[in-house]
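A.B. asks: Sharing a structure here in C-alpha cells format.
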Amino acid sequence: MAEPPVTFAALLRELRTEARLTQEELAEAAGVSPRSVSDLERGVNLTARKDTARLLADALSLFGPARAQFEAVARGRSLPGWAGTGGAGAATALRTLPRDITSFTGRQQELEQLAETAVPSGGVVGIHAIGGMAGIGKTAFAVHAAHRLAPRFPAGQIFLPLHGHTPGQRPVEPGDALASLLLTAGVAAGQIPPGLEARMALWRDRLAGRQLLLVLDDAASSEQVRPLLPGVGGCLVLVTSRRHLTALEDATAISLDTLPPGQAAALLVRLAARPGLSPADPAVGEIARLCGYLPLAIGMVARQMHHHPAWSLGRRAAELAAAVDRLELMATENLSVAAAFNLSYGDLTEDQQRLFRRLGLHPGADIDGYAAAALDSTDLSAARRGLEALYDQYLLIEPAQGRYRLHDLIREHARALAGRLDPDDDRDGATARLLDYYQHTAARADALIARQARPAPAPADDTIPAAVPALAGREQALGWARAERVSLLACLDHATGTGQHARVIALTAGLAGLLALDGPWADAITRHTAAIQAARYLGDRLGQAGALNDLGDIRRLTGDYPAAAQALEQALGIYRDLGDRRGQANALHYLGYVRMSTGDYPAAAQAQEQALDIYRDLGDRRGQANALHYLGAVWWSTGDYPVAAQALEQALDIYRDLGDRLGQADALHHLGYVRMSTGDYPAAAQALEQALGIYRDIGDRGCEAEALNQRGALHRVSGDLAQAQGCHQRALDLARAIASSWDEAHALAGLGRCALAVGHATQAEALLRQALEIFQRIGSAEAPDLLAELDALAGPPPAH
C-alpha cells in the first residue's frame, strides 16, 4: 500500500517540535506572524510563499538537502529521488547534486585521476580533498566529477553545502550538518538524536553496506568534515575547501591550478557564446591572460561580453590592461572576483591580514621568509608562520620549498587592500625595508660571487636587516642570487621608476657578478648604463667608476673590445682621481684582459703587472691570483710557455688556498692551453676536463663554452674528429644562448677546421668566414691568423 504524501503541515510541526520551539517563538525567529505559523501547521494554508519558507528554514537551521526538501514541500512539490518512509517528515532525497554545467572546460587529468581511485579497495572510504584559491572552480569540478561518477553509486549522490565562506553565514556545525544528512537519508526529525556522537553513529549505521557519493562543499576545516564521513567502504566523499585540509586522514589531495592558456581561451569562447569567436583570436587569449587564467574571472568577463554584444573584445582587453584595478571590471550582478577573494581574506587573523596586504607591495614574483620578515617588520619565525598560514588558505602557492607566490589577481587585490587600509607611511616603510634587505643581501652575495673585491663604503647600521640568510661561500651566494634574480631585478626596476638613484647604483652593483655569470649580457649593459647615469645625476664618482668597471667587463665578455676599453679607462681615471687603489687594480686587471684579447700583449702584460703590484700591497690574494692567471694567459699568447705555466701554477695554488673553485677552473683551463701548446696532450686533456667539470658544477656557461672549444681543438689535433665536432657544436649552442660573440666565433672556427679535416672544403670555408666576420667585428686578435688560414685554403692567386 502506498505511503501517504508528506504534508507541509506535518513536516513543519515535526521540525518545530524537534527544535523545542513554540509557534510564537518560531514566528519571532523567522520574522513572520504567529497566525501564519498556526495556519500552516493546521493545514489552513497548504503551501507557503517562497519568502516565508526561506525564513522558516533559516529559523529552523536547515541546510543542504534537508533545506531543499523543506522548501520543496512548502511549495507543494517533490524532488527527484524522494520517497515516503512512513513517518511525518521522513522523506529521502538521495539525488541532490546541483545541475552540471555545459560550459565545464578542461581538468581532464584531474578527472581521470579521480575516476581511477573513486572506489578504493579494502573497505576504505574514498576521500578526495579538492582545494584551490577562490574562483578556481572547485565546486564546479566536484559537481561535474560527481555527475560522471554517479552510476557507480546507486545508493545516491548527496550535495551538502558547509558554508565555510558564505557571506553573512557561519560555517555549518557538524551536528547540524549530520541532522541535515539524516533527514536526507529518511530519518524522521523526531528520531534524530540530540548529541554529535549519537548522530555520527546513526549516520554511519544508515550508510552501512550502501554505495553513496557525498559532496561536502566549501569546508571550513578538517574538524568540520571528519564527523560527516561514512564509516565503511563503498562510499566516495568529495570535499571542496579553500584550505589545505592537511589534518584529514587518508584524504587524497587534488589541488586545482589555474587553467592552461588554451583551456582558458576555450572557456571564454563557450561562455561568451558569440558567433564566429575562436580560442585562436588574439583578443581572446589576451583577455584570458589578463584574467589570470582564473575560471571565475574568465566567466565574469565572458558573461559581460555575452550580454553586451556591442562590446569589442579587443577594446575590453585594452581596458583590462590599462585598468589600475582590474578586479573592479570583473563583476556581474552581485558577484565579483574581489568579493570572492575577500571571503578568504576575512578568515585571516589581523597579523595575517597585514602580512597579506604587505605582500601585495612586493615588486617581484616570489618571496621567502627573510624578505617577508623585512617587509612585515617581524622576525623570521613569525614571517614563516604567516606565509604558511596564507598558503594554507590557498592565498599563496609554493613553487619551490620555502618560496611563495601570489596569483596576479590576488596580488592586485592585496595591493588594493593595502592602498585602502594602510597609511602611506606604513606602505612606504614596508617597501623601504624590503629594498634595504635586498640591497644589503645582494651586496653580501656579490662579494662572494664576483671575481674582484668591490671598493664601496660599508652600509649604514640602520639599513642592515634583522634577518638575513647565511651565505657561507660562493655556491650558497650564487644559489641565493639565482633564486632571487627576478625579485632583485623587479626591485631594481621599482627603484628606477621611483627615482631612487642611490638604490639603482647599489642594487645594480649587487647584481653585477650574477649578470656577468648568467647574462643575458645585453640586459646587463642596459642595467650598468642606467647605474652610470644615476651616479652622474647624484655626483657619486665612486659609484660611477664602479658601474663603468662593471660595464667594461660585460663589454669585454660580449667581445666589444673598443667599448670595453673606453669604459675601463674612464673607470681607471676616476679611481686615480679618488686615490682608490683597489678600484685602480680592478680596472687595470680588466683592461689588461681587453688588451690581450686585441693582441696588444705588451700593454696587457703591463696592466696586469701594475694590478698585481697593487693587489700585493693591499694583501688581496684573490686579486693577486686573478692577475697572475691573466699574466700566464698573456705569456702563453706570446709563446713563453715555461713562464706562463709558472704564473698559472702560482695562481692555481692561491685559488686552492682560498677554496675558489671558479678561479681553479680558470687556471686549469689556461694550463690546458699551455700543455697543449707544448705537445703534452694527456696533461692538457686532464686539466681541461677538470676545468669543464667545475664550470658545469657552478653553472658558468661562458667559461664552459670556452673550455669546450679548447677541448674540441685538442680532440682535433689528437685525431678524434667526431668528438671535436661535438665539443664545438655544444660550445656554439652555449655561446649563442648567452650572446658571447668571441666564443661563437671560436666554435665556428673549430667546426670549420673539423670540416676541412674530413675534406669538406666548401663547408669549411663558409664556417671559417662566419668566424672571421665576428672576429673582425669585435676587433679580436684572432682575426689576422684566421684570415691567413682562409687565404691558404683558397690557394695562391692565378698567374698572369
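The values are calculated or read from the model by the stated rules, or taken from the named source; none is laboratory data. Just so it is clear, the structure is predicted and the values come from calculations on it, not from any experiment. Please note: Cβ atoms are built from the backbone with ideal geometry, for glycine as well, and neighbour counts cover all protein chains shown. Heads up: the accessible areas ignore ligands, DNA and RNA and are worked out on the full protein's heavy atoms, side chains in. Shrake-Rupley method; radii C 1.70, N 1.55, O 1.52, S 1.80 Å.
A.B. asks: Looking only at segment 244-260, decide whether some residue is in contact (Cβ under 8 Å) with a residue 12 or more places away in the chain, part of a helix (DSSP H, G or I) and charged (D, E, K, R).
C.D. replies: Within segment 244-260, not a single residue is in contact (Cβ under 8 Å) with a residue 12 or more places away in the chain, part of a helix (DSSP H, G or I) and charged (D, E, K, R).
A.B. asks: Something else now. Hey, among 301, 239, which residue is outside any loop (DSSP other than H, G, I, E, B), of a type in the set (A, V, I, L, M, F, W, C) and at pLDDT 90 or above?
C.D. replies: Exactly one residue qualifies, and that residue is 239.
A.B. asks: In segment 263-311, which residues are open to solvent by 60 Å² or more (accessible area, probe 1.4 Å) and either of a type in the set (Ser, Thr, Tyr) or in contact with a strand residue (DSSP E or B) (Cβ under 9 Å, 6 or more places away or on another chain) (or both)?
C.D. replies: Listed by number, the residues that qualify are 303, 307.
A.B. asks: Any residue at all in segment 325-341 that's at pLDDT 85 or above and under 14 Å from residue 408 (Cα atoms)?
C.D. replies: no
A.B. asks: Return the only residue of 619, 559 being touching a Ser or Thr at 6+ places or on another chain (Cβ under 6 Å), at pLDDT below 95 and of a type in the set (Gly, Ala, Ser).
C.D. replies: Residue meeting the stated conditions: 559.
A.B. asks: Quick one: residue 371 ticks every box in (1) farther than 30 Å from residue 301 by Cβ; (2) surrounded by fewer than 22 Cβ atoms within 10 Å (Cβ to Cβ) except a single one, so which number is it?
C.D. replies: It fails just one condition, (2).
A.B. asks: Based on what the data block shows, is residue 96 farther than 30 Å from residue 243 by Cβ and modelled with pLDDT under 80?
C.D. replies: No; evaluated as a whole, the condition is false for this residue.
A.B. asks: Another one. Looking at 588, 612 in this structure, which one is aliphatic (A, V, I, L, M), at pLDDT 95 or above and within 19 Å of residue 644 (Cβ to Cβ)?
C.D. replies: Of the residues listed, the single one that is aliphatic (A, V, I, L, M), at pLDDT 95 or above and within 19 Å of residue 644 (Cβ to Cβ) is 612.
A.B. asks: Is it the case that segment 752-764 has a residue that's out of contact with any Lys or Arg (no Cβ under 6 Å at 6 or more places or on another chain), in contact (Cβ under 8 Å) with a residue 60 or more places away in the chain and within 27 Å of residue 675 (Cβ to Cβ)?
C.D. replies: no
A.B. asks: Take the conditions within 40 Å of the chain's Cα centre (by Cα), on the phi < 0 side of the Ramachandran plot, part of a helix (DSSP H, G or I) and crowded, with 24+ Cβ neighbours inside 10 Å and apply them to residue 563. Does it pass?
C.D. replies: Taking the combined requirement at face value, the residue does not satisfy it.
A.B. asks: In segment 477-491, which residues are touching a Gly at 6+ places or on another chain (Cβ under 9 Å) and either buried (at least 22 other Cβ atoms within 10 Å of the Cβ) or aromatic (Phe, Trp, Tyr) (or both)?
C.D. replies: Selection gives 477, 478, 481, 484, 488, 491.
A.B. asks: Do you know which residues across segment 766-785 are in a helix (DSSP H, G or I), open to solvent by less than 70 Å² (accessible area, probe 1.4 Å) and either touching a residue at least 40 places away in the same chain (Cβ under 8 Å) or farther than 26 Å from residue 595 by Cβ (or both)?
C.D. replies: 766, 767, 774, 778
A.B. asks: I need the helices (runs of 4 or more DSSP H) fully contained in segment 639-703, keeping only those with at least 2 residues that are basic (Lys, Arg).
C.D. replies: Hits in segment 639-703: 661-677.
A.B. asks: Can you tell me which of 735, 683, 705, 731 is surrounded by fewer than 16 Cβ atoms within 10 Å (Cβ to Cβ) and either at pLDDT 85 or above or touching an Asp or Glu at 6+ places or on another chain (Cβ under 7 Å) (or both)?
C.D. replies: The unique qualifying residue is 683.
A.B. asks: Find the residue count for segment 144-186, including only residues that are touching a His at 6+ places or on another chain (Cβ under 8 Å) and open to solvent by 30 Å² or more (accessible area, probe 1.4 Å).
C.D. replies: The total comes to 3.
A.B. asks: Taking the stated definitions as given, is residue 505 among the aliphatic types (A, V, I, L, M), buried (at least 24 other Cβ atoms within 10 Å of the Cβ) and within 17 Å of residue 536 (Cα to Cα)?
C.D. replies: Taking the combined requirement at face value, the residue satisfies it.
A.B. asks: Any chance segment 346-354 includes a residue that's assigned to a helix (DSSP H, G or I), over 21 Å from the mean Cα position of the chain (by Cα) and among the basic types (Lys, Arg)?
C.D. replies: Yes, that holds for at least one residue.
A.B. asks: Now for a different question. Just to be sure before I move on: is residue 749 within 29 Å of residue 566 (Cβ to Cβ) and not in a loop (DSSP other than H, G, I, E, B) in the structure I sent?
C.D. replies: Criteria met by residue 749.
A.B. asks: Consider only pairs whose beta carbons are under 6 Å apart and that are at least six residues apart or on different chains; among these, list those whose first residue lies in segment 550-561 and is in contact (Cβ under 8 Å) with a residue 24 or more places away in the chain and whose second residue is part of a helix (DSSP H, G or I) and acidic (Asp, Glu).
C.D. replies: Short answer, once both residue conditions are applied: none.
A.B. asks: Still on this structure, please answer the following. Within the group 384, 358, which residue is more than 25 Å from residue 301 (Cα to Cα), among the basic types (Lys, Arg) and open to solvent by 30 Å² or more (accessible area, probe 1.4 Å)?
C.D. replies: 384
A.B. asks: Within segment 404-431, can you find the residues that are among the aliphatic types (A, V, I, L, M), open to solvent by less than 40 Å² (accessible area, probe 1.4 Å) and farther than 30 Å from residue 256 by Cα?
C.D. replies: 430
A.B. asks: Pull out all pairs, ordered by first then second residue, where Cβ-Cβ is under 7 Å, the residues are six or more apart or on different chains, the first lies in segment 728-742 and is closer than 13 Å to residue 778 by Cβ, and the second is open to solvent by 20 Å² or more (accessible area, probe 1.4 Å) and of a type outside the set (S, T, N, Q).
C.D. replies: Cβ pairs passing all conditions: 735/744; 739/520; 739/522; 740/557.
A.B. asks: Would it be correct to say that residue 688 is of a type outside the set (D, E, K, R), within 30 Å of residue 478 (Cα to Cα) and either touching a strand residue (DSSP E or B) at 6+ places or on another chain (Cβ under 9 Å) or modelled with pLDDT of 85 or more (or both)?
C.D. replies: Judged against the criteria, residue 688 is a match.
A.B. asks: Does residue 134 qualify as being in contact with a Leu (Cβ under 7 Å, 6 or more places away or on another chain), among the hydrophobic types (A, V, I, L, M, F, W, C), under 16 Å from residue 214 (Cβ atoms) and open to solvent by less than 30 Å² (accessible area, probe 1.4 Å)?
C.D. replies: For residue 134, the condition - in contact with a Leu (Cβ under 7 Å, 6 or more places away or on another chain), among the hydrophobic types (A, V, I, L, M, F, W, C), under 16 Å from residue 214 (Cβ atoms) and open to solvent by less than 30 Å² (accessible area, probe 1.4 Å) - is not met.
A.B. asks: When the residues of segment 646-671 are filtered to those that are small (Gly, Ala, Ser) and farther than 22 Å from residue 712 by Cβ, which remaining residue is most open to solvent (accessible area, probe 1.4 Å)?
C.D. replies: Only one residue tops the list, namely 659.
A.B. asks: Now for a separate question. Any idea which of (1) of a type outside the set (A, V, I, L, M); (2) over 23 Å from residue 134 (Cβ atoms); (3) surrounded by fewer than 20 Cβ atoms within 10 Å (Cβ to Cβ) is the one residue 351 doesn't satisfy?
C.D. replies: (2)
Yes or no, residue by residue, for (1) of a type in the set (Ser, Thr, Tyr); (2) part of a helix (DSSP H, G or I); (3) modelled with pLDDT of 95 or more; (4) within 33 Å of the chain's Cα centre (by Cα):
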position: 516; (1), (2), (3), (4): no, yes, no, yes
position: 537; (1), (2), (3), (4): yes, yes, yes, no
position: 549; (1), (2), (3), (4): no, yes, yes, no
position: 553; (1), (2), (3), (4): no, yes, no, yes
